[in-house]
Structure formats: structure tokens, C-alpha cells
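Written out below as C-alpha cells is the structure these notes cover.
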Amino acid sequence: MNALEVRHLGYHYPDGTTALRDVTFAVAEGERVGLIGPNGAGKSTLLLHLNGLLPEHPAAVPTIHVFGTAVAEPQLAAIRARVGLLFQDPDDQIFCPTVWEDVAFGPLQLGLHGAGLATRVERALEQVGLGGFDERLPHHLSRGEKRRVCLAGLLACEARLLALDEPTSDLDPRGRRELKGLLEALPVAQVIATHDLELVVELCPRVIVLDRGGVVAQGPTAELLADEQLMLAHGLERPHILRHRHPH
């Protein structure tokens, strides 16, 4: 079973502007897929659909399925526990006074309490390399640490699909390297929307190119990103990591 199936997804902003048109793709369980494209391509809008934050309107037939379940009422609460959405700005996602409370917030909403909750939070913090940060104040953390707190919150809910919006933006080289290692080690499906094409080459065997709300190409990362014409046509460029390779 696929972790994610999107079929013919379309979306218009309230003012009538088309944001997504006929978007179709699938992500296998445990697969990491890069989502790339110029600014305004619809990447963030697409991610918001994956757990029902931006429902289609009108949606006669659900066009998104997560592990076989339609992203629609009455399953939205269950879907949001399975799909972890990492916003571009961690400050949009952190709102509790301590790291522990922030990571515990999601599992608490899912009805977890006591020892089970404590275990879940500690494990998630260890997974993101923040063991011992329980009582730290989020607003005192670096941007990279804040992003890892957000990620721990998703892992504490035992999300099986992560939708990550620009996860390396504003990170210094060390923060970026640590986050890359962390994502690499997570055995869950991941859709990574990013301008960091080097990261896509390093992490994602497959890539989806989105432009003007539509999928213009999808396939093996090294092949598509080495295609200079394709990259330039969609406001991108071949990443340095592929400069020494030649397109097929």
C-alpha cells in the first residue's frame, strides 16, 4: 500500500486564482520524495492538502488517500495524527512554554497521558538529538533546534508520513547536516518541498517538479535535476553536486 496517493487534485484560492491543477502522484511507504519548483509553484499549498488543512472545494470525490484512507471528514483527526506537517517557519508551530510541553501537545490531543506520554516524548526528543532539552524554553533555542522540536512533535504523534516545507531554510551548514542525517535515519515516508536542490539529490531518490500548480515532471532525481533545459524552463538550475555528471 502507498503511504500517499494524490489523484487529479485541483485547488483555487478564494479569489479564483488556480493554485493546483490536476496534480497526480504517489509516495510509497518509507519513500523520500523531493518536491521542487519556483516560488509560487504551489508546493506549500500542496503540502497543506496532505492532512486536510486546505480541503478541496467543492470536493465531490476525495482525491487524496493516506495509507488507503481518504483525507476527508470524518477521518481528518486520524489523518492528522498520521501526517506530520512541518511548517517553513518553526515559530508558526511552537507555542508551548517548554520543549517538553510542545512535543507532548500532539500526543495529548490523541488521548495519551501518564507514562505512555512521557515515554513517547522522551523517545521523540532522543530521535531528533534533543535529549535533555525537556525544560528548555523554545524561544531561547537556535532556529535549527526549534525545527527539531517541531519534528519531535510530529514523531511523538507517530506520524507515518512527513510533509516538510523548506526544512533546511535558514539553517547553518552544521544545522543542515544534522537535519539531513536525521531525515535520512527516519524510516517514514517523506515529501520534502525545498529550494535546496543539493539536499534533494542527497536525500530523495525521486523528485516531482511542480510549476504553476501542475506537475511538469517526475522521476529519478539525478536524471531530472541533471536536465539543464528542464531546470531552466522551470526557474531552477542544475545543482553543483550534479555538475560533474552529464545528462543521459
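The numbers here are math on the coordinates, done by the rules we state, and not lab data. These numbers come from a predicted model, not from an experiment. FYI the Cβ positions are ideal-geometry reconstructions off the backbone, even for glycines, and counts take in every protein chain you see.
Overview of values
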| item | result |
| --- | --- |
| Selected from V27, N39, A77, residue furthest toward positive end of dipole (the stretch 26-92; charges at beta carbon) | V27 |
| Percentage relative contact order, the stretch 5-130, counting C-alpha pairs under 8 Å, at least six apart | 17 |
| Computed [θ] at 222 nm, helices only, for the chain once each DSSP H run of length n ≥ 4 contributes -39500 (n - 2.57) | -9500 deg cm²/dmol |
| Sites R136 and F95 - FRET efficiency at Förster radius 22 Å, r taken between beta-carbons, to 0.05 | 0.90 |
| Cα lying deepest toward the dipole's positive end in the chain, options L186, P167, G214, charges on Cβ | L186 |
| Evaluated at q = 0.20 Å⁻¹: base-10 log I(q)/I(0), Debye formula over Cα of the stretch 73-139 | -0.91 |
| Two-decimal Rg to Rh for the stretch 1-104 - Kirkwood Rh, Cα set | 0.98 |
| Nearest 10 degrees, 0 to 90: helix 173-185 Cα axis against the chain principal axis | 90 |
| Most to least packed among 181-192, 8-19 [average Cβ atoms within 10 Å] | 181-192, 8-19 |
| Mean Cα-pair separation over length for the chain, i.e. relative contact order, pairs under 8 Å, 6 or more apart, % | 25 |
| Amide H contacts under 5 Å for L85, placed H, 5+ residues apart | A163 |
| The stretch 133-196 - percent relative contact order, Cα under 8 Å, separation 6 or more | 40 |
| Per-selection Rg to Rh, the stretch 145-248 - Cα, Kirkwood hydrodynamic radius | 0.98 |
| Placed amide H near L4: partners under 5 Å, 5+ positions off or other chain | V27, F67 |
